[in-house]
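Some notes on the structure that comes next.
The values are calculated or read from the model by the stated rules, or taken from the named source; none is laboratory data. This structure is a prediction, so every number in the text was calculated from the model and none was measured. Note that each Cβ is placed from the backbone with ideal geometry, even for glycine, and that neighbours are counted across all protein chains shown.
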Amino acid sequence: MDNFELPPLKELMNYLSHAKRLGLQVIFEDGKKMTLKMPYHSDLEILEGTGYVAHGAVAALVDTAFGMVIYKQFLIPHRLVTLDLRIDYMGKSDPRQDIYADVICTKLTREVAFVNGEIYSDGKEPFALAIAAFSHSSVGT
């Protein structure tokens, strides 16, 4: 693995089947911060015709965004495991709107990464807050 380079996030997204299915897109990445977008699609609605995206799809967006921002903290591949993920809903997303997750890696220890973020639709006030802890270990250890 001496000359191994981590692939860019946009390329890595092609390997994550759920990210492809949800249409997740990297909108912004800079150091410890990142924004992922999940385009609205009627297939993601919690109740057909309402325009509200199911919480499971939002959880997949958040978990993926957290994993991606942690992934960017390393120079070599790491295994990541979600230990704890909490999403607090403060309201509803706007119906029929894209959903965004602004996330940040707040602390990285030898074995655990701590992340948090805000979830909002089309630039509005956050409708949910998220926080998580992930274990990490380099591939090959």
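One table, with the values for the structure above:
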quantity	calculated
Residue list for the range 88-113, restricted to those being of a type in the set (D, E), under 17 Å from the mean Cα position of the chain (by Cα) and outside any strand (DSSP E or B)	D98
Positions within the range 43-64 being in contact (Cβ under 8 Å) with a residue 40 or more places away in the chain and in contact with an Asp or Glu (Cβ under 8 Å, 6 or more places away or on another chain), in sequence order	G51, Y52, V53
Residue count for the range 114-136, restricted to those that are closer than 21 Å to Y71 by Cβ and under 14 Å from the mean Cα position of the chain (by Cα)	11
Unique residue being touching a His at 6+ places or on another chain (Cβ under 8 Å) and at positive phi when the list is G23, G49	G23
Subset tally (residues that are touching a residue at least 24 places away in the same chain (Cβ under 8 Å), β-branched (V, I, T) and either more than 17 Å from M68 (Cβ to Cβ) or exposed (fewer than 15 other Cβ atoms within 10 Å of the Cβ) (or both)) for the range 89-111	1
Inter-residue pairs, beta-carbon under 9 Å, first at pLDDT 85 or above and surrounded by fewer than 19 Cβ atoms within 10 Å (Cβ to Cβ) and in the range 122-141, second in a loop (DSSP other than H, G, I, E, B) and among the acidic types (D, E), 6+ apart	F127/D94; S135/E111; S137/E111
Matching residues, the range 13-42, being among the charged types (D, E, K, R) and in a strand (DSSP E or B)	E29, D30, K33, K37
Number of positions in the range 60-82 that are more than 11 Å from I131 (Cα to Cα) and either in a loop (DSSP other than H, G, I, E, B) or aliphatic (A, V, I, L, M) (or both)	14
